[in-house]
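Just below is one structure, and these are the notes that go with it.
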Amino acid sequence: MCTRVLNNIDVSHVTVGRCMDWEFMLPAYVYCQPANRYCQGLGSEQALELGIDKAHILTWQARYASVTTQVGEEGVFGTDDGINEAGLVVNVLYDAGCDYGAVPSSGDFHALSVLRWGQFILDGFATVGSVLEYFKCHHIHLVSESVPGDESSGAECMLRCRMQKAIPR
């Protein structure tokens, strides 16, 4: 469970506080993610287990650099919070009650892990509007994975984006 406090009384200065109050110590790390790196939306091993062809895994090149908090260990991480150089903020809340349905067996879709969703948004978009426009035009199938460090907890997620003032360079 993650507790979040949001103060949006003054919309010109929205403040968010977050506590990673999981049932046990969940390793969290802060990363600076550079622009121009290549990424994929699902690990090859997970795709194989789910029967997802490599051609259906979402891939992208990061347009924006970002600073993120990620949970996980041993090579499996999920982006929880972050801000990109354009000022877009992502806050991810994992919610075991979400259901994205079965992965399509064919058709025009791209698979994206819920653990990588937040980073995908930070890597590719400058505004909430551009995120919404993208998802209206592209068939992205979200894939559930376990919370890194807690194999018994599903990492389905509720996702929130908002704009902040651009990060000064």
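Rule-based calculations on the coordinates, nothing more; no lab input. Remember, predicted model here, so these are calculated numbers, not experimental data.
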Interchain or sequence-distant (5+) residues whose placed amide H lies within less than 5 Å of the amide H of D80 are T69, Q70, V71
How much length would be gained if the chain were fully extended between S44 and S105, taking 0.36 nm per residue of separation minus their Cα-Cα distance, in nm to one decimal?
20.3 nm
